[in-house]
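Below is one structure, written out as structure tokens; the observations come after it.
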Amino acid sequence: MLHSMSTTVESSSQRTADEVNEEIRALWRRSGGTLSGEQREEYQRLVLEWAAAAPQSAPAA
């Protein structure tokens with residue numbers, strides 16, 4: 001059975017990009033560099049959360 005990944009980022013946590021980035025790094029350390037299917041889903045969720053929390057730069061003029 002296939003599960004689709006939600007592309008929405010839960011806004012309840014309001015963590016900074018740095019905090020989410022640290023969790024991403026910890027996930028890679030725990031995995032030993034190879035993510036399982038469940039870990040890949042967590043990674044994708046974290047990347048979306050990180051992107052939402054990262055400061056947006058203004059477009060170049």
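Arg45 passes all but one of (1) within 8 Å of the chain's Cα centre (by Cα); (2) not β-branched (Val, Ile, Thr); (3) not in a helix (DSSP H, G or I); which number fails?
With (1) within 8 Å of the chain's Cα centre (by Cα); (2) not β-branched (Val, Ile, Thr); (3) not in a helix (DSSP H, G or I) applied to Arg45, the lone miss is (3).
Out of the range 33-42, which residues are in contact with a Leu (Cβ under 8 Å, 6 or more places away or on another chain) and in a helix (DSSP H, G or I)?
Gln39, Glu42
Between a first residue in the range 33-61 that is modelled with pLDDT of 90 or more and a second residue that is among the acidic types (Asp, Glu) and in a helix (DSSP H, G or I), which pairs have beta carbons less than 7 Å apart while being 6 or more apart in sequence or on different chains?
Leu46/Glu23
The values are calculated or read from the model by the stated rules, or taken from the named source; none is laboratory data. As the structure is a computational prediction, the values presented were derived from the model and not from experiment. Cβ: placed from backbone, ideal geometry, glycine included. Neighbour counts: every protein chain shown.
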